[in-house]
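The values are calculated or read from the model by the stated rules, or taken from the named source; none is laboratory data. Just so it is clear, the model here is predicted, and its values are computed rather than measured. Virtual Cβ from ideal backbone geometry, glycine too; neighbours counted across all protein chains shown. Surface accessibility is based on the protein's heavy atoms, side chains included, excluding ligands, DNA and RNA. Shrake-Rupley method; radii C 1.70, N 1.55, O 1.52, S 1.80 Å.
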Amino acid sequence: MTAPDTDLICAIATPPGEGGVGVIRLSGPGAKNLAQSFIRNKLHSRQAQYSRFVADGEVLDDGIALWFPGPNSFTGEDVVELQGHGGPIVQQNLLQALCTRGARLARPGEFSERAFLNGKLDLVQAEAIADLIAAKSKLAAKAARSSLQGVFSAQVAQLAARLLSLRVEIEAAIDFPDEDIEILQQAEVGQKLAGLSEDIHTLLRQAEQGRRLSQGLTIALVGEPNVGKSSLLNALAGEEAAIVTAIPGTTRDLLKVDVVIDGMPLRLVDTAGLRESDDAVEQIGIERARQQIDSADRVAVVLAATDLAKADDKANVLDNCIARARAQLGTAADALNANALHIVINKIDLHEPVLPLVKQSQTQFSLVSATEQKGLKEFVAALVNNQSADAEVATFTARTRHVQALTRVGSLLQQAQQALDDQAGPELVAEDCQLAHQTLGEIVGTISPDELLGEIFSNFCIGK
Amino acid sequence: MDFPDRFDVIVIGGGHAGTEAAAAAARMGAKTLLLTQNIETIGQMSCNPAIGGIGKSHLVAEIDALDGVMGQATDQAGIHFRVLNASKGPAVRATRAQADRALYKNAVRNILEHQPNLSLFQQSVVDLVVEGDKVVGCETEMGLVFRAQSVVLTTGTFLGGRIHIGHEQHPGGRAGDAPANALAARLRALPFRVGRLKTGTPPRIDGRSVDFSELEHQPGDDPRPVMSQLSRRDVHPRQVHCHITYTNEQTHQIIHDNLAQSAMYSGNIEGVGPRYCPSIEDKVVRFSDKPSHQIFIEPEGLNTTELYPNGISTSLPFAVQLQFVRSMVGFTNAHISRPGYAIEYDYFDPRDLKHSLETKALEGLFFAGQINGTTGYEEAGAQGLLAGINAACRAQGKTPWEPRRDEAYIGVMVDDLIHLGTTEPYRMFTSRAEFRLRLRQDNADQRLMDPGVALGLIGPKRQEVYAAKMRALQQTAAQLAKTQVFPATDLAQALGLDLRRETTLQECLKRPEISADDIAKALHMPANEEVAFKALQQFEIETKYAGYIKRQDEEIEKIRRHEGLRIPDDINFTQIAGLSNELRQKLDHHKPDSLARAARIPGMTPAALSILLVHAKAKSSALVS
């Protein structure tokens, strides 16, 4: 049994962040040829080759290229590693250049999957590989949700609905020509196709801007009222971004700040204190906090050292706090990967001797003082390094996949338009539209031919 | 008593599925018996007297390519032929024929009676002979036991059939024929999931009571198409017109006022009817803003005055039928010769079948036709053909033939049924076929000749016709590739081309504005060169579709790889870690045997497929080591 897909795949293989080394891995037939097209020096089996990475005359990066011919490679296929610089923009540009030249973004866990299917990993690891694929897919799905939020998501859904109704017309005309039904004239089909193409291009431009604006991890700060979430955000952002007072429930709405810490772009979201409240405005804030947590890559649960010191059950104080935070997060916490929750204990300046209390706990935590600017860097590093490669790559990949899918939809609709203009036959227009719809389905969910027929039957009186 | 001869294949039922099944098994050399309640009704068209139509004539072309019955019988009985979608492209062009019922029945019976290896026997079957988990024969109502390696069940609407007209209801398999209730009761005791479906027919009308001067006439096409590759136009009998009338607001009012008396609206019917073939009650209710519906009046035959008004199937009481029929133009004095009715019948969930149409529960038992939840002669015939082939394969120790979705509409239909089951009578539409551009009428023989010959299905005459077609196609391709067209020559002008540099005819044909007709004219091809002209047309189709077909190749290649990835039989889908509960249940329900089939289960994701694959690999490797 070999892998079901044996096409060429690529992905970023290293954690994100400026500086250091960023590795992009390619696996599958043609990996060497594709990589070779980016570098001037000839690749030799298992030899490091220093070169510039050039596409269309533009230098994207420089670094080391390594070619491992299959089957003696990680996946058992031809593998090339491009080791360049670690900046997210640099890596994403290189990845996109690879994708426009025949490679495809790897599915979550696909490198390991191929390695396993090609006998490169032990059989006893099957369970672990399956778990890995499941976990990474969950992350990717979550990333897709967050990258698809708001207007973008609504617009894609609306595009899919319009494409469906156009296909209903085209397919009804093909399958029911003898029925007494009114179907779209060719000119109207052309207008609808043109409208769809135009809106896809607008959407692509927006998606591209969105990609530039928000590259980083989204980190939600949650916790009981008055543990110092806003102070922490201010400390990290280096300015008075949130109103900080000593009255519980001051932050009634969300506050977002984009910062770059150690070369790592981050979006920090301060959420309203999670607590039962009778105040209607505050309740809205709490509800938004829950939504924000649902789409965040990381959730930092902020605890106050002063509260910990007052707890009754000191031996289990941290675990109890986590359990309480999870309970308050409710369904939002279920959606989070176990590693995405990070504990941060604030106000250690007010209660230094908190450490012995929490030492027994298995959970990882950071100690900070927002007011004294202590432990902040370590906190961010812990937050980002703690398996963050998954989330960052997943978010980027999800967005890139959407852009790729939309680009393909756009070009298929143009082909449909061309077929229409050439009077090449409605079945060819239908063919392009079917593929376009299927491609859009990768984002919004596919529909089956039977569901399409169902739409036809509910729109037209078929059956003479 | 036991019948003294043993058979390879027994087919129960003499409808469109049964006749194709019996003929196919016999063509393959299997000693075959066709058992029917009534030899006189073999090849009977129970519903409207038409064969073909969009998607359906594609199935007929496939049956015909495998040397089946339906195409040739239609040509011998067709009294009105049309090409549908003539203005659209070749993939969706279809042929439809009105058939004379009596001529059609005669043609089918004639083909069966001349088929070597095939015997007919008239007797109702009441039981199957089951040994362990194998079916080894069947028993008739007089206690006669027939034994065979394979049994094909094609009982149509006869299992537990119940006819409804208004509030009246009675058991029946078709108006005038008894249902097969003993067999239905017996089958319900076997481990199959059973459901109920419904279909309807319109009242038939005596043509002598119709004022044709008030009706729209619809003549057949000229030149007339043929259904079978083996037929020539001159086998067609005399041709007649169809007619069209319309319902009106008065018609709709009558139906509205009497809805409570309709069997379908009074809650007497549990079965689900087809969405694409609604009763007139349904149309009036669901599309209440439409002031009028088209009624297509089909002749029942050359030697009968009966007409089939397609579009007013109903289960209203007879008195109301008469009233609404007479409200329509041309029908003011119409005489109803047979009332319309709705019929409910048992079907077996096709998800309990293998792709060979053999049941999963009982070895040697095959189901084909309406028993699997489909509707239509063509759908039934195509399944019958496949079941007959695989019944014979089983008897002869051959691997079953399972056409793929990219090979044949038969493959699309069976795959749809077995994977997704059906909740309404399943009918073929071209939009069900994702590889529609390759599944055409014109290339059905090219798609199916190799497997057909390998199975031993194809007679010498068809092989000759096919060989001639392929020779002509090759010659055409060679001629067009080598014939050069120079700028400002007669040839370029004849094609209407303003060329800058020389090119070939083959290249010219790639242009959307150049057709096979243009080339035939430019080359002064004689009009009587039918084989050569058809080859030219075929070459045009292949040229114009080439880019699209190539694009599909990748997808098909991927599906084939997935098909090669078998999932072990003993895998426990409910225990697969990493999958959602919903997906585990779906997998457990469908029990896919390959990754390709798992991929077609609604809701499957690439990640879920990967996880499934990893488990399958671990399982099968563990078995080997």
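Some points to look at:
- Percent antiparallel among DSSP beta bridges (both partners in chain B, rounded to 5): 70 percent
- Sorting B:426-432, A:321-327, B:610-616 by their mean Cβ neighbour count within 10 Å, with the most densely packed peptide first, gives B:610-616, B:426-432, A:321-327.
- Taking θ as phi - 60° and the Karplus parameters 6.51, -1.76 and 1.60, the scalar couplings of segment B:15-31 work out to x, 6, 6, x, 5, 5, 4, 5, 5, 5, 4, 5, 4, 7, x, 7, 6 Hz in sequence order, x denoting glycine and proline.
- Cα centroid separation - segment B:331-406 against segment B:48-64, whole Å: 15 Å
- ³J(HN,Hα) computed for each position of segment B:70-87 - Karplus, 6.51 cos²θ - 1.76 cosθ + 1.60, integer Hz, glycine/proline x: 4, x, 5, 5, 5, 5, 6, 10, x, 10, 5, 10, 9, 9, 8, 6, 4, 7
- Solvent-accessible area per residue, Å², over segment A:9-121 with all protein chains present [probe radius 1.4 Å]: 41 Å²
- Amide H contacts of B:G166 (H built 1.01 Å from N, in plane; Pro and chain starts excluded): B:A263, B:L316 sit under 5 Å, all sequence-distant by 5 or more or on other chains.
- Taking the accessible area of the protein assembly as shown, probe 1.4 Å, and keeping the other protein chains in place, the carbon and sulfur fraction comes to 49%.
- B:H167 contributes an accessible area of around 110 Å² to the protein surface, as traced by a 1.4 Å probe with all chains present.
- FRET efficiency for B:S580 and A:E451, using Cβ-Cβ distance with R0 set to 30 Å, rounded to 0.05: 0.90
- Average partner coverage of A:167-180, which counts Cβ from other chains inside 10 Å: 5
- Descending by average beta-carbon neighbour count within 10 Å, the peptides B:182-195, A:155-168 line up as A:155-168, B:182-195, the highest first.
- Packing here is the average count of other Cβ atoms within 10 Å per residue, and on that basis the peptides B:314-323, B:51-60, highest first, run B:51-60, B:314-323.
- Area of B:M604 that stays accessible when all protein chains are in place (1.4 Å probe, Å², to 10): 30 Å²
- Segment B:525-595 and segment B:206-270 have Cα centres separated by 37 Å.
- Loop sites by DSSP among the GluC sites (Glu not before Pro) of chain B, restricted to those with at most 11 other Cβ atoms within 10 angstrom, leave B:1-269 as the longest stretch without any of them.
- Too-long pairs where the Cα-Cα distance tops 24 Å, listed order kept, from B:K469/B:K558; A:K229/A:K377; B:K198/B:K283; B:K482/B:K521; B:K134/B:K558; B:K550/B:K617: B:K469/B:K558; B:K134/B:K558; B:K550/B:K617
- Inter-chain Cβ neighbour count for A:429-438, averaged per residue, equals 3 (cutoff 10 Å, partner chain atoms only).
- DSSP bridge orientation in the protein assembly as shown - percent antiparallel, rounded to nearest 5: 65 percent
- Built amide H within the under 5 Å cut-off of A:T218, gap 5+: A:R267, A:D297, A:R298
- Projecting label points 7 angstrom from Cα along Cα→Cβ for B:E555 and A:Q185 puts them 3.2 nm apart.
- Working from label points 7 Å from Cα in the Cα-to-Cβ sense, the B:D257 to A:R46 distance is 9.3 nm.
- DSSP-defined beta bridges in segment A:9-121 - what % are antiparallel, rounded to 5: 90 percent
- Accessible surface ranking that places the most exposed of A:D180, B:D75, B:D570 first, with a 1.4 angstrom probe: B:D570, A:D180, B:D75
- For peptide A:447-453, the mean count of partner chain Cβ atoms within 10 Å of a residue's Cβ comes to 5.
- Its residue count N fixes a reference of 2.2 N^0.38 Å for the protein assembly as shown, and the Cα radius of gyration divided by that reference is 1.10.
- Under 12 Å from a label point set 7 Å out along the Cα-to-Cβ vector of B:K398, the amide N atoms of segment B:432-471 belong to B:450-459.
- Rounded to whole numbers, the Karplus 3J(HN,Hα) couplings from phi for segment A:425-440 are x, x, 5, 7, 4, 4, 4, 5, 5, 4, 5, 4, 5, 4, 5, 5 Hz, using 6.51 cos²θ - 1.76 cosθ + 1.60 with θ = phi - 60°, and x at Gly and Pro.
- A versus B: buried accessible surface, summed, Å² (probe 1.4 Å, to nearest 100): 4700 Å²
- Sorted largest first by accessible area at a 1.4 angstrom probe radius, with every protein chain in place, the residues A:S27, B:S292 fall in the order B:S292, A:S27.
- With DNA, RNA and ligands ignored, accessible area of B:T543 (1.4 Å probe; Å², nearest 10): 20 Å²
- Taking amide H atoms as placed 1.01 Å from N in the peptide plane, the amide H of B:G273 lies under 5 Å from those of B:K198, each 5 or more residues away in sequence or on another chain.
- D_trans [Stokes-Einstein, Kirkwood Rh over alpha-carbon pairs] for segment A:9-121, 4 °C, 1.567 mPa s, µm² s⁻¹: 93 µm²/s
- Our helix-only sum for chain B, with -39,500 (n - 2.57) per DSSP H run of n ≥ 4 divided by its residues, gives a mean residue ellipticity at 222 nm of -11500 deg cm²/dmol.
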